[in-house]
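So the structure is just underneath, and the comments pick up after that.
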There are 4 protein chains.
Amino acid sequence: MKKLLTTALLALTAALTAGAQSRTEVYTFPSEVLGAEKSCTVYLPDGYDRSQESYPVLYLLHGASGCHTDWTQKGDLRRIADEAIAAGMARPMIVVMPDASGEGPKRTGRHMGYFDVPGWDYERFFFEEFMPAVEKRYRIASDKAHRAVAGLSMGGGGTAVYALRHPELFGSACSMSGLLDMFPGRRSYDNAFQQSVADNSPVALLRGMTAEQLDGVRSVRWWVDCGDDDFLWKCNVDFYTLMRERDIPLQYRMRDGGHTWRYWQTVLPDALTFVSNGFGK
Amino acid sequence: MKKLLTTALLALTAALTAGAQSRTEVYTFPSEVLGAEKSCTVYLPDGYDRSQESYPVLYLLHGASGCHTDWTQKGDLRRIADEAIAAGMARPMIVVMPDASGEGPKRTGRHMGYFDVPGWDYERFFFEEFMPAVEKRYRIASDKAHRAVAGLSMGGGGTAVYALRHPELFGSACSMSGLLDMFPGRRSYDNAFQQSVADNSPVALLRGMTAEQLDGVRSVRWWVDCGDDDFLWKCNVDFYTLMRERDIPLQYRMRDGGHTWRYWQTVLPDALTFVSNGFGK
Amino acid sequence: MKKLLTTALLALTAALTAGAQSRTEVYTFPSEVLGAEKSCTVYLPDGYDRSQESYPVLYLLHGASGCHTDWTQKGDLRRIADEAIAAGMARPMIVVMPDASGEGPKRTGRHMGYFDVPGWDYERFFFEEFMPAVEKRYRIASDKAHRAVAGLSMGGGGTAVYALRHPELFGSACSMSGLLDMFPGRRSYDNAFQQSVADNSPVALLRGMTAEQLDGVRSVRWWVDCGDDDFLWKCNVDFYTLMRERDIPLQYRMRDGGHTWRYWQTVLPDALTFVSNGFGK
Amino acid sequence: MKKLLTTALLALTAALTAGAQSRTEVYTFPSEVLGAEKSCTVYLPDGYDRSQESYPVLYLLHGASGCHTDWTQKGDLRRIADEAIAAGMARPMIVVMPDASGEGPKRTGRHMGYFDVPGWDYERFFFEEFMPAVEKRYRIASDKAHRAVAGLSMGGGGTAVYALRHPELFGSACSMSGLLDMFPGRRSYDNAFQQSVADNSPVALLRGMTAEQLDGVRSVRWWVDCGDDDFLWKCNVDFYTLMRERDIPLQYRMRDGGHTWRYWQTVLPDALTFVSNGFGK
């Protein structure tokens, strides 16, 4: 019996890992801006360790109450990326998963989020320290044409804001089930995170842009995806509406589903294909 | 050579028609309400002619400038239905494709549309004459649980209005790229069709409904689908928004694409599956 | 902060559980045939507890080294079924997940499998005790037209064999990444499980059938699915080949992927749609 | 009325052609090898006329009884390519659709096919005259990394043979519903085409290859797709089997469907994505 199972499991393992010599690692470094250590998880595709090439990069952001290991542990990132690349549906790329978790066991403490809040300049850290450090440490083709950003929920909001404010840095931006405006129905803010979501609303940002700024936004390839049952449906529909009214090309999808990992695992392969076809352009 | 090709083509034909003894026919009858003859195309599934069973029915509506043969000639209805049924993705059903074309070579004359206009009570004709006649002529299970309506563009508008006004008649309603509100940007109406679209706006109808009427609307299974590049995107987003705000369950999809037969051919299999799973409920 | 998150999480929870008053439970009973207690996990769809109706049933089988909780814990069965039913892509049904695990921490002991082995008549138990008990305990429409069987890997083999031997019991059968013949490359058997796989090969069974038996097999709606990277590809291709040569209608799919839960989670919605459209026929 | 429709149609046209300044043209030139003029249809993507860049190229082959206009007229090539590129699912590329039609009104005369037959050296013409001429006339990045070949039915056979014989020329090869072995069941050949299919069987070619030749074949990215209802299923399954046994990586898909344009229109977007992700590698 053992022999049989061993044989089968070995065959299975071989089959599963064939062409999947990708790996993930955690990179931790001290941030001066934040006065703290921050970690990220990095996916290095099959072939990275055997080559001297530079690779395009995707920054992939987690949601509220999550951390830098979410996409690998709950999102099946490694398998999905391996399969998409092996099947010729995506290009080999490095995926960098930063950490914007807050304090506490639920990771929802006051440092949660992708924006600057009093005493915690996360956005400044991201652009001044984190991106340069990561792109130096790994062989990353460090230009707009080879850089994309994507994220889910709170990270979809981060994605949209980062690409709206820095269209010169990102070739593509993919928001999945994004928190693209202040929380639905909320009109007063009793804490820093809430205030920061209101202060950094992609919908509001877009609405206030000049013609010149909108030209910049048009230089980004946009993908916005949200389930038809998602509780964040309204801000996604509003963002789509504004983008169409401002005549900014975007891909917009609503599929069946809610605010779930199942949804994000379904969307991720399309997002990888989308950013892949933008790399180098 | 001929032999070879003959052999191949026979094999091919056999393969294609295996299990596809469906057929379509045109049924024409004189309408008293309209004072004119009207035709429809009817799809009868494989097995219909060999059985005594009653079948569920889907009314499938064409768009502006079209006619009752559109879905079969441009929409590949017969092949798509044959394949969906043979593959176990849809139930055998009768598909009735009525005609709401207008006069003239472009079929855009003043009788175009699914609503009543002065001198041409099409909606009255549909419910008082057409549906009863068709459901008498064919073996149709004639109740809400076995009746669905779907349509594209102008026919998507017809679909929504018919199901909003007669939730007791339709178990499911599927609007594809529907004209669900007055034409975008238009505020004055210089002809009867235009006026009829404004007078029969699904968005306006829904907005004006009482709690009791909304309960009726909830008894219909709704599917609304519109391409993210469609020029009718706004009224679809508005309809979805209202449905969510009124707490009416619906399936809503935005895929890639515009106002094209390619889009409708892509949506149709899902719509057939959706109505199939509602039949009998 | 807490307030905000609480609000958000409540909204989220409400969104996720809307229309999802399904539940799963474990049912354990003593088997005389086996001389042991066996458990199964049962999915009861939204509406079950509020109605008096009978429901169709799907028996859903796990793979080698697994147990009756696999489909819910690793396969996301409850969410996938909830979503498929809510979206109108499947009919409400009861899903019964039996247990064919073996002894030991890896569950690969000598009682593993869906067939009779010396001292452990699992197949007899399944048909004589288990099915009758389950269909008595739950409101199940207990006939071929409302009964389907499906399974993955070792459970795909079980699915095929059960439906080949008992076509009068199952309306539909779906094998996913099925072990449909003896283990690839193996010619001698050094244990009971291995021998039982060889003795109960669907490919061998099918090859030896009389014309009359094949007629019975044609009364089952077949769905066979296997990833193009699966290590069990060969026996799936062989089974498809035999079915076509014997002129037995089947749906056959090869998608991208290997022998993984990601594959089965992708296939499951289609399988639910497929069995749904067969129920009642 | 006219105004309304005009407005609507203009909006529609604008929507449909937005970002779709692609075009197709027919290129005809005299072949010395064949002693005849041959034409091809060429798709030039949006942006081609405004840039000086070189583009990757896909050679896209028609089937038996077809000609160089098939993919545009029956396959909706232009719309599908426009949409795939605009949606970020494929890279801008030139698609060259050659002509391998035979004589006569059914185009099945003795010159039909992609191989050399007595008095008509089509394969020699393709590689010595046609490819060089086309890649000189258009701005094509003329190397293996930027060149792909694909085709349906008889053209799927041509695709496989061309890539098996010239792995140094093609980065990717996609066979759809390919005629990958001699006609099923046929053992004697009563004409040149039939003989040429037998003489140029991809299955036979592959089976006879040396280890060195197989290494070459591994340098091509392979995609093989065939409907589960296709009458050519057997040779596709055989080709897949051989490729797996020879340990040559390939993507293999079987979806629902037969030997139909609907199938090829469904496969084409995936094929475009697949070749896109190979360009430049």
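Quick note: the coordinates plus some simple rules give every number you see, no bench work behind them. Quantities reported herein were computed from a predicted structural model and do not represent experimental measurements. Cβ sites come from the backbone with ideal geometry, for glycine too, and all protein chains shown count toward neighbours.
Taking 2.2 N^0.38 Å as the expected size of a compact globular protein, what ratio does the Cα radius of gyration of segment D:54-118 give against it, to two decimals?
Working: Rg = 14.2 Å, N = 65, 2.2 N^0.38 = 10.7 Å.
Segment D:54-118 yields a ratio of 1.32.
So for chain D, if I pair up every lysine 8 or more residues apart or on another chain, how many of those pairs have alpha-carbons under 26 Å apart?
Lysine pair count for chain D: 9.
Once amide H atoms are placed 1.01 Å from N in the peptide plane, what residues at a sequence separation of 5 or more from residue A:59, or on another chain, have their amide H within under 5 Å of its amide H?
For residue A:59, whose amide H was placed from the backbone, the distant partners under 5 Å are A:96, A:148, A:149, A:150.
Any idea what the relative contact order of chain C is, in percent, if you count C-alpha pairs under 8 Å spaced at least 6 apart? Don't skip to the end; give the middle numbers.
Values: 531 pairs, mean separation 48.1, N = 281.
This gives 17 percent for chain C.
Translational diffusion coefficient, Stokes-Einstein: compute it for the protein assembly as shown using the Kirkwood radius over C-alpha pairs as Rh, at 37 °C and 0.692 mPa s, and state it as an integer in µm² s⁻¹. Display every interim value, and only then the final one.
Details: Rh = 31.3 Å.
Stokes-Einstein gives a translational diffusion coefficient of 105 µm²/s.
Under the convention of a label 7 Å out along Cα→Cβ, give the distances in nm from residue C:245 to the same position in every other copy, shortest first.
1.4, 6.4, 6.6
If you place +1 on the Cβ of every Lys and Arg and -1 on the Cβ of every Asp and Glu, how big does the dipole about the Cα centre of segment A:22-278 come out, in debye to the nearest 20? Intermediate values should be presented prior to the final figure.
Values: 28 positive and 34 negative charges, 48 e Å.
That gives segment A:22-278 a dipole magnitude of about 240 debye.
Net charge near residue A:120, counting Lys/Arg +1 and Asp/Glu -1 over other residues with Cβ under 12 Å of its Cβ?
Details: positive: A:38, A:110, A:124; negative: A:103, A:116, A:121, A:123.
Around residue A:120, the surrounding residues sum to -1.
What are the distances, in nm and sorted shortest first, from the label point of residue C:119 to the label points of the same position in each other copy, with each label point placed 7 Å from Cα along the Cα-to-Cβ direction?
Copy-to-copy label distances for residue C:119: 6.7, 7.8, 9.2 nm.
State the antiparallel share, in %, of DSSP beta bridges confined to segment D:22-278, rounding to the nearest 5. Before the final figure, lay out the partial values.
Details: 14 of 37 bridges.
Rounded to the nearest five, the antiparallel share is 40 percent.
Find the centroid of the Cα atoms in segment C:213-272 and in segment A:207-267, then give the distance between the two in whole Å.
About 38 Å separates the Cα centre of segment C:213-272 from the one of segment A:207-267.
Averaged across B:85-95, how many Cβ atoms of other chains sit within 10 Å of each residue's Cβ atom? Walk me through the intermediate numbers first.
Details: counts 1, 6, 13, 17, 8, 2, 6, 2, 0, 0, 0.
Going residue by residue through B:85-95 and averaging, the value is 5.
Taking a point 7 Å out from Cα toward Cβ as the label site, list the nm distances between residue A:21 and the same residue in every other copy, smallest first.
4.6, 5.6, 5.9
Compute the distance in nm between two label points, each set 7 Å from the Cα along the Cα-to-Cβ direction, one at residue C:262 and one at residue A:191.
Calculated label separation equals 3.4 nm.
With unit charges on the beta carbons (Lys and Arg positive, Asp and Glu negative) and the dipole taken about the Cα centre of segment D:22-278, which residue among D:69, D:141, D:158 sits farthest to the positive side?
The Cα lying farthest towards the positive end belongs to D:69.
Rounded to the nearest 5, what % of DSSP beta bridges with both residues in the protein assembly as shown are antiparallel? Can you show the working numbers first?
Numbers: 58 of 150 bridges.
Among the beta bridges of the protein assembly as shown, antiparallel pairing accounts for roughly 40 percent.
Filter the DSSP H helices in chain B by two things, a Kyte-Doolittle mean of at least -1.0 and an axial alpha-carbon span of 15 angstrom or more, and list the hits by number.
Numbers: long enough: B:2-17 (22 Å, 1.21); B:154-165 (17 Å, 0.45); B:233-245 (18 Å, -0.51); B:261-278 (25 Å, -0.09).
Answer set is B:2-17, B:154-165, B:233-245, B:261-278.
Per the Cauchy relation, a quarter of the hull surface: what is the mean projected area of the convex hull of the alpha carbons in segment A:103-211, in nm²? Walk me through the numbers on the way to the answer.
On the way: hull surface 33.0 nm².
Across all orientations, segment A:103-211 yields a mean hull projection of 8.2 nm².
Taking square-rooted eigenvalues a ≥ b ≥ c of the alpha carbon gyration tensor, is segment C:198-279 rounded, prolate or oblate, where a/c under 1.5 means rounded and, failing that, a/b exceeding b/c means prolate?
Details: a/c = 2.38, a/b = 1.35, b/c = 1.76.
Oblate, since a/c reaches 1.5 and b/c is not below a/b.
With a point put 7 Å past each Cα toward its Cβ, work out how far residue B:209 is from residue C:29 in nm, to one decimal.
4.5
So, counting K/R as plus one and D/E as minus one, what does the shell of residues with Cβ under 12 Å around residue B:264 add up to? Before the final figure, lay out the partial values.
Working: positive: B:74, B:255, B:262; negative: B:70, B:76, B:225, B:230, B:270.
Value of the local net charge: -2.
Does segment C:22-278 come out rounded, prolate or oblate by the C-alpha gyration tensor, with a ≥ b ≥ c the root eigenvalues, rounded set by a/c under 1.5 and, if not, prolate when a/b is larger than b/c and oblate if not?
Numbers: a/c = 1.40, a/b = 1.18, b/c = 1.19.
Here segment C:22-278 falls in the rounded category.
Can you give the local net charge around residue A:163? Use residues other than it whose beta-carbon is closer than 13 angstrom to its beta-carbon, Lys and Arg +1, Asp and Glu -1. Please report the intermediate quantities before stating the final value.
Details: positive: A:144, A:147, A:165, A:218, A:221; negative: A:123, A:168.
Neighbour charge sum, excluding residue A:163 itself: +3.
For residue C:199 and residue C:168, FRET efficiency with R0 = 22 Å and r from the beta-carbon atoms, rounded to 0.05?
Working: r = 22 Å, r/R0 = 1.01.
The value I calculate is 0.50.
Per residue of D:247-260, what is the mean number of Cβ atoms on other protein chains within 10 angstrom of that residue's Cβ?
Taking all residues of D:247-260 together, the mean is 6.
At most 12 other Cβ atoms within 10 Å plus a DSSP loop assignment makes a site exposed; report the longest stretch of chain D without any exposed GluC sites (Glu not before Pro). Kindly include the intermediate steps, with their values, before the conclusion.
Working: sites that count: D:32, D:53, D:103, D:168.
Value returned for the longest uninterrupted segment is D:169-281.
Is segment C:26-65 best put as rounded, prolate or oblate by its Cα gyration tensor, with a ≥ b ≥ c the root eigenvalues, rounded for a/c under 1.5, and otherwise prolate when a/b is larger than b/c, oblate when not?
Values: a/c = 2.83, a/b = 1.77, b/c = 1.60.
Verdict is prolate for segment C:26-65.
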